[in-house]
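Peer 1: Just dropping this structure here.
Read-outs: derived from the displayed coordinates by stated rules, not from any lab. Please read these numbers as outputs of a predicted model, since none were measured by experiment.
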Amino acid sequence: MKECPTCNSTYTDESFNYCLVDGSQLIPPKDNSEASIATEVFTIVRRPFESLAGEGSDHKTKPQSRKETLLRKSLDLVRSEADNGDAIVKIIRKALPEQLYDLAVEAMHAMSKGSDSSDPACDAVEVMFAPKHWNHISEDFADYCARRVLQSAASSGAFIYFGDHPPEARSSALGYLGLYFLSRGNEVRSRELWSAARDRHLVDTAISETCDFIVEEDESRVDSALALADLIETKNIKAKIMSDLTAYL
């Protein structure tokens, strides 16, 4: 067990070297009493984004823009098609920059589920779960996305292709989904998703890119980015991001 000398958060996972709340280096506990991980520990990802992703979803009260009207008409046209995955992903990609999150969620749910059709759910997850969108995504929808991605794993632990998308695409999607759940304080769900990824390198790439995003949005949060980077297992990725982040100290 380790603890933070600054905020007194405790950690039972010996792989952590830095506090996920304030970035301080962890030390052995002052006594031998048992303690659980503080509830604030896993706010490391959420905290940096609380003021970075906009002021909320006030777009819901605005009248439909011309682009939203066209995108909704497009979705209505393609939702009944059997092989509609690629078309729906294009709609999602155009909806997110406009902060049309309700439309993006609706489009994701409308995605074709036919076993014989190409289903780019993983690509959609990679787009929708970029850190700048997290504040606008509900945990229920994230659970839905996680189940869709995890369904690509065949029985007996072997991986199958999900339409035209190889296992590597799922590993990256699982990386971003894990980060999302970590931002909500759900460490168990986060580690479950990361452990299901075939390629840890791609999970760590997602973590590294999130660290970059943190400091690009607010350089004063470099300690938070460093603490997050400490979760990376791939040595060369961890070495590079740590080196990059030290430039902000």
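Peer 1: How much length would be gained if the chain were fully extended between residue 80 and residue 188, taking 0.36 nm per residue of separation minus their Cα-Cα distance, in nm to one decimal?
Peer 2: Difference between extended and current length: 35.2 nm.
Peer 1: A follow-up question, please. At 0.36 nm per residue, minus the direct Cα-Cα distance, what do residue 73 and residue 151 gain on full extension? Give it in nm, one decimal, please.
Peer 2: The span from residue 73 to residue 151 would gain 25.1 nm if fully extended.
Peer 1: Roughly speaking, what is the stretch gain from residue 93 to residue 243, that is 0.36 nm per residue apart minus the C-alpha to C-alpha distance, in nm to one decimal?
Peer 2: 50.8 nm
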